[in-house]
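The structure appears below as structure tokens.
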Amino acid sequence: MKIVALTGAGISAESGLATFRSSGGLWNQYRIEDVASIDAWNRDPKLVLEFYNMRRRELAHAKPNAAHLALTRLAEFATMKIITQNVDDLHEKAGSKDIIHLHGELTKVRSSLNDNLIYPVGYQDICLGDLAPDGSQLRPHIVWFGEAVPLIPDAIEEVLKADMIIIIGTSMQVYPAAGLIQYAGPGTEIIYIDPEAGNKKVLGKQVRYLNGKAGDLLPPLVEELRIEFDKIR
Ligand code: BV8
């Protein structure tokens, strides 16, 4: 049984990390255009570096929550792939292995001349003047608005193969990530976990909407799936 978990900022909400668009989210305090776009980087790299330094410092103390841990249990009996829009490392901290970070990773930086020169930075600040070995300014290893999403083909391949897709904590408003679900085959079961699941609509797909927090709903769902798997094994 191949399962894909498609996660967004909501799965990290109970770990204390702000989501983007829920009330009080990051985008209520900052305009995307000012801190998370390639234009912002070209216009004011210092502000952008500070925005990510602030998020990296916050991440240093964040712990995975029951939802992240439930996905590691799911991987004990199903072939699991996590496709996350999140740039935090909470799936890794929970022990998950097979993860595609569509939008990059906060704990990595890279040359601003060569996307392939990527360096681990942990939770340290990066400032103007911190240079990559190629002499260019180090930048966050993040996919900004207006930048291509290089891992989309890998993610599409996983979605095409999935028997089940569990969408967890994403408003499905950012493309091309939000378009991934359209690649789900006709026989693929789709489950959508979100406190606002009641007013989500995945066009053209049969979806089981579970209204509530990931930390509350994912653990029992994983146990339900384990019982089903044990029956058919
Ligand atoms: C590209 C890194 C082309 C930064 C991010 C007009 C229409 C359509 C598209 C566009 C348009 N104009 C421009 C575009 C394209 C644009 C886009 O989609 N814009 C949106 C805003 C309309 N996309 C891009 O620019 C992408 N690139 O298109 O490139 C191209 C091609 C070739 C060459 C050059 C260019 C790049 C997009 C990537 C941007 N980077 N992240 C950072 O993180 O700082 S996206 C950012 O949003 C985060 O990664 C975040 O994950 C992502 C999506 O947000 P969500 O994760 O869904 O979070 P959100 O707050 O929205 O929702 C949280 C959900 O959780 C809610 O539903 C809430 O109810 C729920 N929740 C809350 N608590 C809980 C919970 N659920 C469960 N449990 C809880 N406890």
Tell me, yes or no, whether the range 163-178 has at least one residue that is of a type in the set (Gly, Ala, Ser), surrounded by fewer than 16 Cβ atoms within 10 Å (Cβ to Cβ) and within 13 Å of the ligand (Cβ to nearest atom).
-> no
Could you give me the residue pairs with C-beta distances under 9 Å whose first residue belongs to the range 14-27 and is hydroxyl-bearing (Ser, Thr, Tyr), whose second residue is in a loop (DSSP other than H, G, I, E, B) and more than 7 Å from the ligand (Cβ to nearest atom) wherever it lies, and which are 6+ apart or on separate chains?
-> Ser15/Ala62; Ser15/Lys63; Ser15/Pro64; Ser15/Asn65; Ser15/Asp88
The one condition Gly215 fails out of (1) farther than 18 Å from Met80 by Cβ; (2) more than 19 Å from the chain's Cα centre (by Cα) is (2)
Got a number for residues in the range 1-33 being farther than 17 Å from Ala70 by Cβ and part of a helix (DSSP H, G or I)?
-> 7
Could you tell me whether any residue of the range 62-75 is over 23 Å from Tyr192 (Cβ atoms) and either within 18 Å of the chain's Cα centre (by Cα) or not β-branched (Val, Ile, Thr) (or both)?
-> yes
Look through the range 186-201, keep the residues that are at pLDDT 95 or above and more than 9 Å from the ligand (Cβ to nearest atom), and return whichever of them is surrounded by the most Cβ atoms within 10 Å (Cβ to Cβ).
-> Tyr192
Specify the residue that is nearest to the ligand (Cβ to nearest atom); the eligible residues are those in the range 73-104 that are without any contact (Cβ under 8 Å) to a residue 40 or more places away in the chain, under 17 Å from Arg56 (Cα atoms) and touching a Pro at 6+ places or on another chain (Cβ under 8 Å).
-> Gly104
Since Phe51 meets every condition but one in (1) more than 8 Å from the ligand (Cβ to nearest atom); (2) of a type in the set (A, V, I, L, M, F, W, C); (3) out of contact with any His (no Cβ under 9 Å at 6 or more places or on another chain); (4) outside any loop (DSSP other than H, G, I, E, B), which condition does it not meet?
-> (1)
Hey, does the range 150-171 have a residue that's of a type in the set (A, V, I, L, M), assigned to a loop (DSSP other than H, G, I, E, B) and in contact (Cβ under 8 Å) with a residue 40 or more places away in the chain?
-> yes
Do you know which residues across the range 45-102 are more than 23 Å from Pro219 (Cα to Cα) and small (Gly, Ala, Ser)?
-> Ala60
Scanning the range 41-60 residue by residue, those farther than 13 Å from Asp125 by Cα, touching a residue at least 24 places away in the same chain (Cβ under 8 Å) and surrounded by fewer than 16 Cβ atoms within 10 Å (Cβ to Cβ) turn out to be Pro45
Considering residues that are within 11 Å of the ligand (Cβ to nearest atom) and surrounded by fewer than 20 Cβ atoms within 10 Å (Cβ to Cβ), the number found within the range 61-72 is 1
Of the criteria (1) hydrophobic (A, V, I, L, M, F, W, C); (2) closer than 26 Å to Ile227 by Cα; (3) more than 12 Å from the ligand (Cβ to nearest atom); (4) at pLDDT 95 or above, which one Met1 fails = (4)
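The values are calculated or read from the model by the stated rules, or taken from the named source; none is laboratory data. Just so we're clear, the structure is a prediction, and the values are computed from it rather than from any experiment. No Cβ is skipped: glycine too gets one built from the backbone with ideal geometry, and neighbour counts run over all protein chains shown.
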